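The values are calculated or read from the model by the stated rules, or taken from the named source; none is laboratory data. Everything numeric in this text was worked out from a predicted model, so none of it was measured. Cβ: placed from backbone, ideal geometry, glycine included. Neighbour counts: every protein chain shown.
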């Protein structure tokens, strides 16, 4: 394909504090919601908001406490990102590193200074920070006191947190995201909103209330940042991936429309400033209160751009018999016969990325930013040998090709592309290290054993050439 990405296109990678930082008991940091989520199958009870006991337990391993030690190794890691040629690094700030409990009046200076140092290091290499204000990350004290965003009081805590960030980092950070994968509150309320579900109450009513509170908080975040720094650009972040109907049956098509609304609902509120009609109907039926001030804040403070994660597409059917096997797995989807093998409950669908970009740009007519895209592999390291992660290279090549078509042929306005995660880190879905996404191998296993050594993989050098050529050299 002739042509290239626009000048200034932001190539880079993405990480998150709770999956890489570690240093949970250093620099004045308080405990966070993900700290108490153990490795192993029990983690799903936490993710879905079903676990009410948030205490540490003997004989359990809590991988977030050490992460990959980015807290101590950020200079080494950023130097490696710079070696690849990164123009942007998406990272998040640990809320409990700034406000250890979340209810303090004065932010923690040690925490603020840590991110000062990180941003200084990025600037040294001309890497633009793209900062997620809350990436599955809430002070545990607020989670236990308020049940996270199940409570309206959480909005005030978030406003104070955002105000502290923009006061400190104005001029150092241009691009902000209010919440990570905000629409996941409807599926994973604990990790997405710090909220647990009361089994004695209507589940959907609780989730819609959480959604309204966090959407209101997001709008306040946009307002606070814009007023403090008009040069800043604030975006949302949606867990994306188009839903296809299993057949061309009208019932299946309607089922796909309803599934795609799970993401559009949040995009509409954040980019258009109003609730879509179907969401209003549902909220009225569930008697969810939406205060006049909230609606005003939402309508007046829309995002400057929309960002999203894309790992693959999904398939839905209206046939209950087909759906029966999915009832015990909330994260599963039907298999698409037109795509390849299923890996980690996903099928690769590069063209689905082009479809998603077109659908979202057609709908909102605002700049887009792909801030997560990647695939996990169980890479093995033998000292002295190059890690041949061709699976990563093939995945990224195919998705960048479709991304390029969306930009050059379809006219989608795309700000940039950050792969997930550019260095091996804890997988949010599995809480393991063996599901490796990175261009850089980290010597750490699922039990927390290893040297933490960083080793560039084959894909490291491939992505270096992609960035250097602004997306032209995709075949090495």
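Taken over region 279-296, the criterion of being within 23 Å of residue 360 (Cα to Cα) and in contact with a helix residue (DSSP H, G or I) (Cβ under 6 Å, 6 or more places away or on another chain) is satisfied by 279 alone. Output the residue which, of all residues in region 57-68 that are in contact with a helix residue (DSSP H, G or I) (Cβ under 8 Å, 6 or more places away or on another chain) and in contact (Cβ under 8 Å) with a residue 40 or more places away in the chain, is nearest to residue 184 (Cα to Cα). Across region 57-68, the extreme among qualifying residues is 64. Among (1) free of Cβ contacts under 8 Å to residues at least 40 places away in the same chain; (2) closer than 29 Å to residue 304 by Cβ, there is one condition residue 284 misses while meeting the rest; what is its number? Among (1) free of Cβ contacts under 8 Å to residues at least 40 places away in the same chain; (2) closer than 29 Å to residue 304 by Cβ, the lone unmet condition for residue 284 is (2). One residue is enough: does region 413-420 have a residue meeting the conditions more than 16 Å from the chain's Cα centre (by Cα) and outside any loop (DSSP other than H, G, I, E, B)? Yes, region 413-420 contains at least one residue that is more than 16 Å from the chain's Cα centre (by Cα) and outside any loop (DSSP other than H, G, I, E, B). Consider region 350-378 and keep the residues that are farther than 26 Å from residue 131 by Cβ and modelled with pLDDT of 95 or more. The one that is surrounded by the fewest Cβ atoms within 10 Å (Cβ to Cβ) is 362. Criterion applied to 210, 214, 238 was being assigned to a strand (DSSP E or B), in contact (Cβ under 8 Å) with a residue 40 or more places away in the chain and touching a helix residue (DSSP H, G or I) at 6+ places or on another chain (Cβ under 6 Å), and the one residue passing it is 238. Taking the conditions (1) over 26 Å from residue 128 (Cβ atoms); (2) within 19 Å of the chain's Cα centre (by Cα); (3) touching a residue at least 24 places away in the same chain (Cβ under 8 Å) in turn, residue 261 satisfies each one other than (3).
For residue 432, the conditions (1) crowded, with 17+ Cβ neighbours inside 10 Å; (2) closer than 18 Å to residue 74 by Cα all hold with the exception of (2).
When residue 275 is tested against (1) assigned to a helix (DSSP H, G or I); (2) within 30 Å of residue 150 (Cα to Cα); (3) within 24 Å of the chain's Cα centre (by Cα), just one condition goes unmet, and that condition is (1). Filtering 41, 45 for residues that are without any contact (Cβ under 8 Å) to a residue 24 or more places away in the chain, surrounded by fewer than 24 Cβ atoms within 10 Å (Cβ to Cβ), under 21 Å from the mean Cα position of the chain (by Cα) and within 28 Å of residue 203 (Cα to Cα) leaves a single hit, 45.
Can you tell me which residue within region 291-349, out of those that are touching a residue at least 60 places away in the same chain (Cβ under 8 Å), surrounded by fewer than 18 Cβ atoms within 10 Å (Cβ to Cβ) and in a helix (DSSP H, G or I), is farthest from the chain's Cα centre (by Cα)? Within region 291-349, the match that is farthest from the chain's Cα centre (by Cα) is 322. Look at residue 27 and say whether it is in a loop (DSSP other than H, G, I, E, B), at pLDDT 95 or above, in contact with a helix residue (DSSP H, G or I) (Cβ under 8 Å, 6 or more places away or on another chain) and over 14 Å from residue 95 (Cα atoms). Considered against the rule, which asks whether it is in a loop (DSSP other than H, G, I, E, B), at pLDDT 95 or above, in contact with a helix residue (DSSP H, G or I) (Cβ under 8 Å, 6 or more places away or on another chain) and over 14 Å from residue 95 (Cα atoms), residue 27 comes out as no.
Here is a list: 54, 89. Which entry is in contact with a helix residue (DSSP H, G or I) (Cβ under 8 Å, 6 or more places away or on another chain), more than 16 Å from residue 12 (Cα to Cα) and at pLDDT 95 or above? Explain how you work it out, then say what you get.
Values: 89 fails: more than 16 Å from residue 12 (Cα to Cα).
Result of the check over 54, 89: 54.
Answer yes or no: is there a residue in region 380-388 that is outside any loop (DSSP other than H, G, I, E, B) and either over 18 Å from the mean Cα position of the chain (by Cα) or over 21 Å from residue 9 (Cα atoms) (or both). No, the conditions are met nowhere in region 380-388. Listed conditions (1) touching a strand residue (DSSP E or B) at 6+ places or on another chain (Cβ under 6 Å); (2) over 25 Å from residue 233 (Cβ atoms); (3) part of a loop (DSSP other than H, G, I, E, B) are all met by residue 391, apart from (3).
Give the number of residues within region 57-75 that are out of contact with any strand residue (DSSP E or B) (no Cβ under 6 Å at 6 or more places or on another chain) and within 19 Å of residue 419 (Cβ to Cβ). Number of matching residues: 3.
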